[in-house]
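The structure appears below as structure tokens.
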Amino acid sequence: MINLKDFNYPELERWVRKQGWKKFRAKQLSKWIYTKKAGSYDEMTDLSKDIRNYLKENTKLNALELITYEKSKEDGSIKLLWRLEDSHTVETVFIPERDHYTLCVSTQVGCAVGCTFCFTTKDGLIRNLTTSEIIDQYIQTQRFVGLDKRISNVVFMGMGEPLANYDNVKKAVQIMTDEKMLGLSNRKITISSSGIIHQIKKMYEDPTFPQVRLAVSLNAPDQKIREKIMPISQTNRIEDLMKTLNSLPMKTGYRIMLEYVLIKDINDRPEDAHKLARLIGKNKKRYKVNLIPFNPFPGSPYQRPDEERVNIFHKILWQYNIGAFVRWSKGKDISAACGQLRKKEIANKSIQFIKS
Ligand code: SF4
């Protein structure tokens, strides 16, 4: 059965016409689904009963079911765990920021990339999420937190490598940025990739992929360290990755974000900071560096560096005039590592509900 959230606007219009309905029905449906975030066809009161019945019998509106959530007492972030139709589960994180709300969405069940510091990849890739499963993370979270807390920013930084699920992610971004659908600003959407060079090139060369921000998980200042913590580096070498990033056409104000998870004694030494600065070289206007102190999870082989070490690393980058920021993970008091709440549920351990 088709799910209406798998359609971008031209596809929705085509489907509406195929049913023998007038074109404006697409607009009506879009308003109910994306503006009003309707959770059922019964809410769509300006559609005739016949149409609503037809929709109920032939289409699906929802793709996810909320299983549980954890809310951080520290910063108000909420981690939600969803069940998909085939019983797999994925996570989404709602993050209140100083003046807006951000949503971190997942794009795959599991991940094949295999970064050694990441919890999500432990069981490998199970499957790609469909467009409706990505979009429903936004819509259902918005319903959950209340429409008054409008989520303006979306980061594709949850479970999975977004560019390995290219077509479904592209369509989700089309739906998010289409004014007739979710209508979010392109500047407020960030795709975060582990650095699959040919997919990054493809995205930039694809005129149908809305221009959004790019973040790349760099995590190392040289090939040797990167290969150790990101096996994908064996085929996507750091020099080639940087060469590609340095040559991407840049829209004004769209800096590429280099994500750098700081891991104690692996990539957090002062000489690593100097090397990173040299790697960026004269292209510093093109990048922003996000330093993320590692978030340990049960069984992880790595440790978080202490604050002093993080500050030294940060300062060195600033000495080179590189825009670098430290991002301590949100929700440290909940299952903060990506995929951890999911694992907890699978292990059927008791989850502590913290009601707002
Ligand atoms: S960090 Fe991202 S790309 Fe790497 S294994 Fe985890 S989910 Fe996959």
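The values are calculated or read from the model by the stated rules, or taken from the named source; none is laboratory data. Because the structure is a prediction, the values reported are computed rather than measured. All Cβ positions, glycine included, derive from the backbone under ideal geometry; neighbour counts span all protein chains shown. Keep in mind that these areas ignore ligands, DNA and RNA; they rest on the heavy atoms of the full protein, side chains included. Shrake-Rupley method; radii C 1.70, N 1.55, O 1.52, S 1.80 Å.
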Check: How much accessible area does His88 have with a 1.4 Å probe, in Å² rounded to the nearest 10?
Finding: 60 Å²
Note to self: As I understand it, the dipole of the chain uses +1 on the Cβ of Lys and Arg and -1 on the Cβ of Asp and Glu, about the Cα centre. Which of Trp21, Tyr138, Tyr101 lies farthest toward its positive end?
What the structure shows: Trp21
Next item on the list: Roll a 1.4 Å probe over the protein heavy atoms and report the accessible area of Phe325 in Å², nearest 10.
Entry: 80 Å²
Notebook entry, point to check: With +1 on each Lys and Arg Cβ and -1 on each Asp and Glu Cβ, how big is the dipole of region 2-60 about its Cα centre, in debye rounded to the nearest 20?
Noted result: 180 debye
Check: For the chain, what does -39500 (n - 2.57) per DSSP helix run (n ≥ 4), summed and divided by total residues, give at 222 nm, in deg cm²/dmol to the nearest 500?
Finding: -9000 deg cm²/dmol
Check: Among Leu262, Leu248, Leu29, which one shows the biggest mean-square fluctuation in a GNM of the chain, springs joining Cα atoms closer than 10 Å?
Finding: Leu248
Next item on the list: Mind putting a number on the dipole of the chain about its Cα centre? Charges go on the C-beta only, +1 for Lys and Arg and -1 for Asp and Glu, and I need it in Debye to the nearest 20.
Entry: 820 debye
Next item on the list: Pop a pseudo-label 7 angstrom from the Cα along the beta-carbon direction at both Trp328 and Lys122 and give the gap in nm to one decimal.
Entry: 2.5 nm
Margin query: Going by Cα centres, region 61-127 and region 153-195 are how many Å apart?
Written below: 15 Å
Note to self: If you scale each eigenvalue of the Cα gyration tensor by 5 and take the root, what three semi-axes come out for the chain, rounded to whole angstrom and sorted largest first?
What the structure shows: 37, 23, 18
Item checked: Per DSSP, loop GluC sites (Glu not before Pro) in region 29-97 with at most 15 further Cβ within 10 Å -> Glu74, Glu85, Glu97
Notebook entry, point to check: Where only protein heavy atoms count, and the probe is 1.4 Å, what is the accessible area per residue for region 1-134 in Å²?
Noted result: 45 Å²
Margin query: Classify region 2-60 from the C-alpha gyration tensor, please: rounded if a/c falls under 1.5, else prolate or oblate depending on whether a/b exceeds b/c.
Written below: rounded
Next item on the list: In a Gaussian network model over the chain where Cα atoms closer than 10 Å are linked, find which of Lys79, Lys282, Lys18 has the largest mean-square fluctuation.
Entry: Lys18
Check: Could you give the semi-axes, largest first, of the ellipsoid that matches region 1-152, computed as the square roots of 5 times the alpha carbon gyration tensor eigenvalues and rounded to whole Å?
Finding: 31, 19, 13
